[in-house]
Structures are given as C-alpha cells and as structure tokens.
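Colleague: I'd like to ask some things about the structure below.
The values are calculated or read from the model by the stated rules, or taken from the named source; none is laboratory data. As the structure is a computational prediction, the values presented were derived from the model and not from experiment. Cβ coordinates were reconstructed from backbone atoms using ideal geometry, including for glycine residues, and neighbour counts include every protein chain displayed.
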Amino acid sequence: MNARLLGVALVLAAARPATAVAQVERLAGRVDDATRAAVAAVVDSAREAGVPAEPLVNKALEGASKGADGARIVAAVHALAGDLGRARSALGPGASPAELVAGGAAVRAGVRGAVLEELRARYPRESLMVPLAVMADLVARGVPADTAARSVLVLMREGVRDAELVAFRQSVERDIALGAPAGGAAAVRLDGALPGTTSTTPAAPRKP
Amino acid sequence: MTDDDPLIARVAAELRRPRSPGPGFDGRVMAAVRAVPAPLPARAWAWLREPRVLALSPLGGAAIAACLAVLAAAGVWGARRGSRDGSGAPAVAARAAAPAAPSVVTFVLVAPQASTVALAGDFDGWDGARLPMRREAAGIWTVDVPLTPGRYDYAFVVDGRRFVADPAAPRALGDDFGRPSSVVTVGSGAPGAAGGSL
Amino acid sequence: MIEDEPDGALVRRVLDGDLEAFAGLVARHRDRGLRFAASMLGDAAEAEEALQDAFVRAYRSLRSCREPDRFGAWLLQILVNRCRTRAARFQRRNRQFVRDDAALERAAAPAGRSREWREEIERALARLDPLQREAFVLKHVEGLEYEEMTRLTGARVPALKMRVKRACDRLRVLLGEESGRRDR
C-alpha cells in the first residue's frame, strides 16, 4: 500500500469502534443531546433484537451531515432498525453485519421476508450479502421486487455467484438506461444468464 | 340510485374492507420515484442551481470518452475499480488474499466547476472532511478508499455543502434526508468470487 | 411532521424539490388505492403494481395536478386509467420458475373462509363488462357521487347509472347462482 492509502486506512480505522456504547459516542458533537439520547434508545432496543449498532449510528451521522432535524434523524434510524430487525428475523442469528445491512436494504426495497428465509435455508453456509445487495440494487433501478428476487434465486440455483450476480445487475442497469422497461430488461438478461440457453454469455460455473 | 339489495350490500362491504399493500410497498414506490431523472418535477430555477456535474458512465459522450482516454493513460479507469497491483496499472477484478481483507475502491466524479469535492459515507461517519478527493486532469476528482467487505451508502460533497449522488451507481434506499445517496457493495475474498468494488 | 401536513402542502413541498415528502402522500393514499385496484383487477399483485405505477405517474406529472389539496382524487383518476390498461392486457406472468413463485407466495397468502367469499366475488366481478365493473366499484365501494364519477371516467351520468344497474343485476345472478350451490 502506498503512503496515501495507508493514511486513509488509518483514518477509517479510527472511525469504527467496536461496542454499541462506543458507536453511539460517535454522535457526540454531531447531533444535539436529545437526539443522541433518542438514537441511543433505538440502538439499545435494536441490540436486544440482534441488530448491530453501527449501521444505525451511520444513518444518524448521515442525517447530521445532511442537515436534517433531530426528529427526522430519529425516525430514519427507527425505520432502519425495523428493516434490519426484519432481516435479522429472516436470516437468523448467524447473519453477519454485512448480510444484515444488505438484507435490510432488500427488505426496504420490498423483497419479502420469505425470500430471505428461502435464501438462508438453501445456502446456509454462504454469505448472502451480495445476492441481497443485488436484489436491492435492481429494485433501486425500477425492477419490481418480486422480479428482482426471482431473478437472483434462479441465478443462484444455477450456480451463479457474487461477481456474475453483479454482472447481471450491471447488464440490467445498462439496458434500463438505454430505454428498456425494467421488468422486461431483467427477464431478458435472466434468460441470457442461464446455462444451456443460446447466448453469447458463457455459462456460469457450477459450484461443487 | 341506491340499491338496497342485501347481496349488493354484502359484496360492497367485502370489497370495502380495509387492506394495505405488503410491507415494502412504500419503499418500492419511493425507490421508483427517486429513479425518475431530475429535475422532474422540480422547478426550473432549482435545477439551474445544481452544479454542473457529469457522471463517468459507460454511456458517456465524446467529451467523456476523451477524458477516459486521458485517465486510462494515467492509470485511472472507470467509476470504481478494484485493487491496483504494484505497477500502478488497475486490475479489473481484485482478489483479496484472505476473507474480510479490505479491497481498494476508487471513487470518481467529473466536476470541472467544483472547487472542492469530498467523499462522505458510512465508511467515514459521513464526515466529509476525512476523504477529500484529488483533482486529476480535466475536472475529474478521485479518491482511493480501502474498504472491508460490506455495503456502504455514500455521496460526494461538492464545495463543502452540496450532496451529489454518484449517477453511475445504484441509489441508496431508505431515508436519504432529501439528498440522494449512492451505494457501493464490496465483495469478500471467498474463492470463486471477485473482490474489489462491485 | 409530514403526517400532519395536508395534501396540498405536501404536493408543494415535492414540487419545490423535497422528494421525500412524496412518501407522505403515498402513505396517506395507498390503502384506498389498493382497495380500488384490487376490486378492479382481482389479483393482489397486479393491484399493487398498478398502484405503484399510478403513484410514479402521479409524481412524474405532479405539476399538472390542478387541485393539490385533492391529490387523492387526482391519483384515483390516474389509477382508473392504469387499471383499465392493465385489465385490457392482463396476461399470466411467465410461470417458468414455478418453484420459486410458490415459495414467494406462501409467505403472503392469508387463509380462511373469508378468502372463499372474496374469491367468489372476484370471479363474479371478473365476468362483468369492465366499464360496468368500474362503475360498480366507484359507486358502491368507493362511495362516489355520480358527478365525481363523471369527472373520473368521462362518461355521462345516465350512462354511469345504467352501468351500475347492469352490474348489480349481473352480480345478483352470478352470486345468487354460486351461493345457491353451497351451504352458507
């Protein structure tokens, strides 16, 4: 790593304390005391539900940085805690923070809890962060949530994983940007991404 | 004309039962609303206040293509790329040596008229002061950030006060406090997967 | 708080650039919109998509909403058209991935006898002429006056009254037959 990158890494390392209390302390000087207390309360009850503090505090910091008032910050943190809690219920206690954040985004995007449960049941030992992230990102581009979920489920069943899932999402985004309707773009790219179809896309390797 | 037929009344009562869309409906609508290209329906003067920023995107026009040629020669390429090897040439997909090792992500914004551009996001507590971006040729601002695997909301802060989403990246969902953010997902180094930015 | 602001204020906020204020309009009008769309289209998923579509179109053309304080009525007008379009080209979605569909649907399907009655009604509604169905729903489910219905549909009051009457007559026949076949 060159010196500049090392400097950046050190700066970022300082920004990620471990405990929930230490996380809430990051709000000092960024939000007023009342807001900090309210966020701390949300963080505490979220911890009890197995939801990590860091994403909640990040959301509060985002609001502070963007000049939002305390009530809106607390509401946003509360809403995020709800999303993460639903992801936690669906993904189970072994879910990593990264999986929960991606799962929360998928939930926010309208992906049903049953889909997260199904993913966990089918792939108990793999990280679901990227599949869930791809679902959320597809919805952000206008693909209906059920279509996005189905596409990822089908691709994964055929052995497609992280990098190819992302490539799928990027190709759908390009098609949408070029004017294709969102749901149709996903369907077309899904056809092309499945092994055994006539397409210039090479078949995804199957995992053992 | 009112119909007092009890059957019709029963039918109407059943159809009138309150019902709500499934969870996430609001989120889907707002996600679609956010994907509507600005400045709709903001008024014209609000649009004129926006900084003249362009995205580095695969669909860019001739001017951007020229910038890309400059960047490729200088060893920088695209909106976000993975780790570089020691020679400085960018790798298209990085492979982390161990799980959860950080990958270096390059963020780029084309903003020729900006005086300063910084990066703010989940990875730096949305500070805006911690990650100033460096101006390269032709108004292109970049910064390299090592990120451990995960999903991060972020935005560019132009001239210290204006939040700009990355037009080439997926939008962040959830409350963005009225100023749109983008998302980057950094993969892990699991075998068979690509590390680096996604 | 956004929840307390009237429709007109929220619309003006959105037009001034506060996109997130639109979420308040969505929250306030989505249940009623779904009730209408579900009555018209029968299929819950189709109804949600039609409603989502209507909201996005409302957002896109928000500048042309002449009475911001009556956003709900304006949205309903858009939704009426969305439902008409969808009903006209309603086709089964690609069922290629049946296994995944089943897994996804299982989570959302409510159970119980009330579902049977609802399904009977939906079958009967589906057999109505679309304009009669629309007039029936606007009158008896949404409780609109005929003058309002004229604005929404473009049809004149006498025609609307005839459609409602024919819809009721047909429903009596269809549901009378069906309920005659089973014990209630």
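Colleague: Hey, does the range C:32-42 have a residue that's over 12 Å from the mean Cα position of the chain (by Cα), outside the structural domain of C:GLU119 (by TED's automatic domain parsing) and in a helix (DSSP H, G or I)?
Modeller: Checking the range C:32-42: not a single residue is over 12 Å from the mean Cα position of the chain (by Cα), outside the structural domain of C:GLU119 (by TED's automatic domain parsing) and in a helix (DSSP H, G or I).
Colleague: Being more than 14 Å from chain C (Cβ to nearest Cβ) and surrounded by fewer than 20 Cβ atoms within 10 Å (Cβ to Cβ) is the filter; apply it to the range A:94-122 and report the residue that is modelled with the lowest pLDDT.
Modeller: Within the range A:94-122, the subset more than 14 Å from chain C (Cβ to nearest Cβ) is A:94-105.
In the following step, the residues that additionally are surrounded by fewer than 20 Cβ atoms within 10 Å (Cβ to Cβ) were identified as A:94, A:96-97.
Numbers: A:GLY94: 89, A:SER96: 92, A:PRO97: 92.
Filtering the range A:94-122 for residues that are more than 14 Å from chain C (Cβ to nearest Cβ) and surrounded by fewer than 20 Cβ atoms within 10 Å (Cβ to Cβ), the one modelled with the lowest pLDDT comes out as A:GLY94.
Colleague: Could you run through the range B:98-126 and say how many residues are within 15 Å of B:PHE163 (Cβ to Cβ) and either in contact with a strand residue (DSSP E or B) (Cβ under 6 Å, 6 or more places away or on another chain) or assigned to a strand (DSSP E or B) (or both)?
Modeller: Residues flagged as within 15 Å of B:PHE163 (Cβ to Cβ) and either in contact with a strand residue (DSSP E or B) (Cβ under 6 Å, 6 or more places away or on another chain) or assigned to a strand (DSSP E or B) (or both) within the range B:98-126 amount to 11.
Colleague: Identify the residue in the range A:26-84 that is within 23 Å of B:LEU119 (Cβ to Cβ) and loosely packed, with under 15 Cβ neighbours inside 10 Å and, among all such residues, is nearest to the other protein chains (Cβ to nearest Cβ).
Modeller: Residue satisfying both the conditions and the ranking: A:GLY67.
Colleague: For C:ALA21, indicate whether it is at the interface with chain B (Cβ under 10 Å from one of its Cβ atoms) and either surrounded by fewer than 22 Cβ atoms within 10 Å (Cβ to Cβ) or among the aromatic types (Phe, Trp, Tyr) (or both). Let's see the steps before the verdict.
Modeller: Working: at the interface with chain B (Cβ under 10 Å from one of its Cβ atoms): yes; either surrounded by fewer than 22 Cβ atoms within 10 Å (Cβ to Cβ) or among the aromatic types (Phe, Trp, Tyr) (or both): yes.
For C:ALA21, the condition - at the interface with chain B (Cβ under 10 Å from one of its Cβ atoms) and either surrounded by fewer than 22 Cβ atoms within 10 Å (Cβ to Cβ) or among the aromatic types (Phe, Trp, Tyr) (or both) - is met.
Colleague: So, in the range B:177-198, how many residues would count as being modelled with pLDDT of 85 or more and either among the basic types (Lys, Arg) or within 25 Å of A:ILE176 (Cβ to Cβ) (or both)?
Modeller: The qualifying residues number 9.
Colleague: In the range A:161-179, which residue that is facing chain B (nearest Cβ under 8 Å) and hydrophobic (A, V, I, L, M, F, W, C) is surrounded by the fewest Cβ atoms within 10 Å (Cβ to Cβ)?
Modeller: A:LEU178
Colleague: Further, regarding this structure: Would you say C:ARG30 is in contact (Cβ under 8 Å) with a residue 12 or more places away in the chain, surrounded by 18 or more Cβ atoms within 10 Å (Cβ to Cβ), of a type in the set (D, E, K, R) and within 24 Å of A:VAL74 (Cβ to Cβ)?
Modeller: Taking the combined requirement at face value, the residue satisfies it.
Colleague: Scan the range B:107-130 and report the pairs whose first residue is free of Cβ contacts under 8 Å to residues at least 24 places away in the same chain and whose second residue is of a type in the set (Asp, Glu), with Cβ atoms within less than 6 Å and a gap of 6+ or a chain change.
Modeller: Pairs that qualify, where the first residue is free of Cβ contacts under 8 Å to residues at least 24 places away in the same chain and the partner is of a type in the set (Asp, Glu), are B:TRP126/A:GLU62; B:ARG130/B:ASP124.
Colleague: Could you check the range C:123-157 and list, in sequence order, the residues that are over 28 Å from C:PHE71 (Cα atoms), among the charged types (D, E, K, R) and surrounded by 15 or more Cβ atoms within 10 Å (Cβ to Cβ)?
Modeller: None - no residue of the range C:123-157 is over 28 Å from C:PHE71 (Cα atoms), among the charged types (D, E, K, R) and surrounded by 15 or more Cβ atoms within 10 Å (Cβ to Cβ), so the list stays empty.
Colleague: Step by step: first the residues of the range B:128-150, then only those that are part of a loop (DSSP other than H, G, I, E, B) and more than 8 Å from chain A (Cβ to nearest Cβ), then the one that is farthest from A:ALA133 (Cα to Cα). Which residue is that?
Modeller: Filtering first and then ranking leaves B:GLU136.
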